[in-house]
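Participant: Would you mind keeping the following structure in view while I ask a few things?
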Amino acid sequence: SQQGEEDPQALSIQEGENATMNCSYKTSINNLQWYRQNSGRGLVHLILIRSNEREKHSGRLRVTLDTSKKSSSLLITASRAADTASYFCATGKAAGNKLTFGGGTRVLVKP
Amino acid sequence: NAGVMQNPRHLVRRRGQEARLRCSPMKGHSHVYWYRQLPEEGLKFMVYLQKENIIDESGMPKERFSAEFPKEGPSILRIQQVVRGDSAAYFCASQTGQGEETQYFGPGTRLLVL
């Protein structure tokens, strides 16, 4: 598998439900970032978590990082139809370093 | 503060032509990254540049592709003699270069090679 693989590949939920997606990676990292991409659009930065952090929150988003398992999760609480998008995790080895992206999780929030 | 700007947003080329993609980073950002995204896939790193320097081009195909980030003006990704397999979305991201890890992405250029 590749660095930064998301699971599941696709997720369909009802508005108001929580959405959880996971990301696994293989090598050591300095930081892990989550991005959202609406269909045919650019990437929007959601949240960055550093390797010495375990959990971060931003609004309805909660990100966890377990470096011992080389995995991260993104939780979107009380989902809205506007959350429909693809979500990507990306790992970085240092500031000023390329990001390695996973294949993304496509989330559909049904109204 | 304008975000990362890319142009054109859509580009159609015939096989054998040249494609030039431009990226203007956010104000105050001196680091630029180029990524390529094939349909239904994640982004793949191509090249990392600072002003007038290529820092990491490990993701760039060895032939036909080149990138620059001059002292003045936007960063340019140039693809010579395009082939159908070059059809993809090309994204530019910028970073402050002051120890910050976050990369801010532009809207992308969607290249279609006929």
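Every number in this text was worked out from the coordinates using simple rules, so none of it is lab data. Being a predicted model, the structure only gives us computed values, none of them experimental. Ideal geometry is used to build each Cβ from the backbone, glycine not excepted, and the neighbour counts take in all protein chains shown.
Participant: Quick check on the stretch B:26-49. Is at least one of its residues without any contact (Cβ under 8 Å) to a residue 24 or more places away in the chain and more than 14 Å from chain A (Cβ to nearest Cβ)?
Facilitator: No, the stretch B:26-49 contains no residue that is without any contact (Cβ under 8 Å) to a residue 24 or more places away in the chain and more than 14 Å from chain A (Cβ to nearest Cβ).
Participant: Output yes when any residue across the stretch B:70-92 is on the phi < 0 side of the Ramachandran plot and within 9 Å of another protein chain (Cβ to nearest Cβ), and no when none is.
Facilitator: Checked the stretch B:70-92: at least one residue is on the phi < 0 side of the Ramachandran plot and within 9 Å of another protein chain (Cβ to nearest Cβ).
Participant: Looking at (1) surrounded by 14 or more Cβ atoms within 10 Å (Cβ to Cβ); (2) within 14 Å of chain A (Cβ to nearest Cβ); (3) not in a strand (DSSP E or B), can you tell me which one residue B:98 breaks?
Facilitator: Going through the list (1) surrounded by 14 or more Cβ atoms within 10 Å (Cβ to Cβ); (2) within 14 Å of chain A (Cβ to nearest Cβ); (3) not in a strand (DSSP E or B), residue B:98 breaks only (1).
Participant: Considering the stretch B:40-68 alone, what residues qualify as being touching a Gly at 6+ places or on another chain (Cβ under 9 Å) and small (Gly, Ala, Ser)?
Facilitator: If the condition is that a residue be touching a Gly at 6+ places or on another chain (Cβ under 9 Å) and small (Gly, Ala, Ser), then B:42 is the only one that fits.
Participant: Kindly provide the set of residues from the stretch A:86-106 that are within 13 Å of the chain's Cα centre (by Cα), more than 8 Å from chain B (Cβ to nearest Cβ) and over 14 Å from residue A:61 (Cα atoms), ordered by number.
Facilitator: The answer is A:86, A:91, A:105, A:106.
Participant: A further question on this structure: Suppose the filter is exposed (fewer than 15 other Cβ atoms within 10 Å of the Cβ) and either at negative phi or of a type outside the set (S, T, N, Q) (or both); does residue B:10 pass it?
Facilitator: Judged against the criteria, residue B:10 is a match.
Participant: Still on this structure, I have one more. Tell me, which residue of the stretch A:20-46 that is crowded, with 18+ Cβ neighbours inside 10 Å and within 10 Å of chain B (Cβ to nearest Cβ) is farthest from residue A:85 (Cα to Cα)?
Facilitator: Ranking the candidates gives A:31 first.
Participant: Another question, if that's okay. Does residue A:62 meet the test of being free of Cβ contacts under 8 Å to residues at least 60 places away in the same chain and within 14 Å of another protein chain (Cβ to nearest Cβ)?
Facilitator: Against the criterion (free of Cβ contacts under 8 Å to residues at least 60 places away in the same chain and within 14 Å of another protein chain (Cβ to nearest Cβ)), residue A:62 does not qualify.
Participant: Residue under question is residue A:107, and the condition is that it be in contact with a helix residue (DSSP H, G or I) (Cβ under 7 Å, 6 or more places away or on another chain) and either buried (at least 17 other Cβ atoms within 10 Å of the Cβ) or more than 25 Å from residue B:94 (Cβ to Cβ) (or both); does it hold?
Facilitator: yes
Participant: Further question on the same structure: Among what's in the stretch B:13-60 and is within 22 Å of residue A:89 (Cα to Cα) and of a type in the set (Gly, Ala, Ser), pick the residue that is surrounded by the most Cβ atoms within 10 Å (Cβ to Cβ).
Facilitator: Here the residue is B:42.
Participant: Looking for something within 14 Å of another protein chain (Cβ to nearest Cβ) and either within 28 Å of residue B:34 (Cβ to Cβ) or not small (Gly, Ala, Ser) (or both) - is there at least one such residue anywhere in the stretch A:75-85?
Facilitator: Within the stretch A:75-85, one or more residues are within 14 Å of another protein chain (Cβ to nearest Cβ) and either within 28 Å of residue B:34 (Cβ to Cβ) or not small (Gly, Ala, Ser) (or both).
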